[in-house]
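Peer 1: First, the structure itself, so that you have it in front of you.
The values are calculated or read from the model by the stated rules, or taken from the named source; none is laboratory data. Since we're looking at a predicted model, the values are computed, not measured. So basically every Cβ, Gly included, is an ideal-geometry build from the backbone, and we count neighbours across all protein chains shown. When the accessible area is computed, the model is the full protein with side chains, heavy atoms only, and any ligands, DNA or RNA have been set aside. Shrake-Rupley method; radii C 1.70, N 1.55, O 1.52, S 1.80 Å.
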Amino acid sequence: MKQKLDIVKVFPEIDLIQDEALRRGTIAVWEQLWEESKWENIMDLPCSTHKTDYPHVIHNRSVVRMAIHVAETLKEFHHVDINMDHLIAAALLQDASKLVEYEPTEDGGCVMSELGKTFAHSFYAGHVALNHGIPYDVAQVILTHSPDSPVYPQTLICKILFYVDQTDMAAIGGDRWRKMNVTYR
């Protein structure tokens, strides 16, 4: 039987979002995706179907915390103004669609769902986020945080999430970074 999801208990970082509407919208996105998912326990959701079976919740919380620390460091040393509410909401939502992109198998494993095979990673989460009133710039982060995105991250918040997400994946065995003689400009 599917557990009721207390998303604030799972992700206490949600309470760091000061904007009440954004906090409620972030919760609503997770609740909708949870209801649509085939998972019975959110702690069974892995980070990836093929790179690691590490728990998604731990990865996601680590990404949120690293993003906050990076933003605070940039503010302290470079006086960069970063919308922390948008950063935290984006960090919390970046991988939320894994709930419906993946589905559990009978043997305790995980496979890509039809939705996961059909759409690029996080496309659906971005769509659901917009439907719940999440700002466009937060949805942009959701859509561009992955190396699989067809668009390179454009804003500072997008870039923070892109790099912290990949750094966290490298720490848990899902490293995808390889030097390919490519120059970014």
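Peer 1: Out of all Cα-Cα pairs in the range 98-144, roughly what percent, to the nearest whole number, are more than 17 Å apart?
Peer 2: Counting pairs separated by more than 17 Å, the tail of P(r) holds 41 percent.
Peer 1: Also, quick follow-up: Report the number of Lys pairs in the chain whose alpha-carbons are under 30 Å apart, with separation of 8 or more residues or on distinct chains.
Peer 2: Within the chain, the lysine pair count is 28.
Peer 1: A further question follows. With each run of n ≥ 4 DSSP H residues scored as -39500 (n - 2.57), what mean residue ellipticity at 222 nm is computed for the chain after dividing by its residue count and rounding to the nearest 500 deg cm²/dmol?
Peer 2: It comes out at -16000 deg cm²/dmol, rounded to the nearest 500.
Peer 1: I've got another one for you. Pop out the Kirkwood hydrodynamic radius of the chain from its pairwise C-alpha distances, inverse of mean 1/r, in Å to one decimal.
Peer 2: Evaluated on the chain, it is 16.7 Å.
Peer 1: Taking the radius of gyration and the Kirkwood hydrodynamic radius from Cα positions alone, what is the Rg/Rh ratio for the range 1-61, to two decimal places?
Peer 2: My calculation puts Rg/Rh at 0.99.
Peer 1: Under 5 Å between amide hydrogens, which residues at least 5 positions from Cys110 or on another chain qualify, with H placed 1.01 Å from N in the peptide plane?
Peer 2: Thr105
Peer 1: In the chain, if the dipole is taken from +1 on Lys/Arg beta carbons and -1 on Asp/Glu beta carbons about the Cα centre, which of Ala120, Asn60, Asn41 is farthest to the positive end?
Peer 2: Positive-most Cα among the choices belongs to Ala120.
Peer 1: Apply the Karplus parameterisation 6.51 cos²θ - 1.76 cosθ + 1.60, with θ equal to phi minus 60°, to every residue of the range 8-22 and state each ³J(HN,Hα) to the nearest whole Hz, in sequence, with x for glycine and proline.
Peer 2: So the Karplus estimates, Gly and Pro as x, are 6, 6, 5, 10, x, 4, 4, 5, 6, 6, 6, 6, 4, 5, 5 Hz.
Peer 1: Now for a separate question. Of the accessible area of the chain, with the probe set at 1.4 angstrom, what percent is carbon plus sulfur?
Peer 2: Carbon plus sulfur share of accessible area: 54 percent.
Peer 1: Using the Karplus equation 6.51 cos²θ - 1.76 cosθ + 1.60 (θ = phi - 60°), what ³J(HN,Hα) coupling, rounded to whole Hz, does each residue of the range 164-171 give in order, writing x for Gly and Pro?
Peer 2: 5, 4, 5, 5, 5, 4, 4, 5
Peer 1: Test of understanding: what is the full-extension gain from Asp81 to Asp15, defined as 0.36 nm times their sequence separation minus their Cα-Cα distance?
Peer 2: Full extension from Asp81 to Asp15 adds 21.7 nm.
Peer 1: Give me the one-decimal nm value for the distance between modelled label points at Lys4 and Thr118, 7 Å along each residue's Cα-to-Cβ direction.
Peer 2: So the label points at Lys4 and Thr118 sit 3.1 nm apart.
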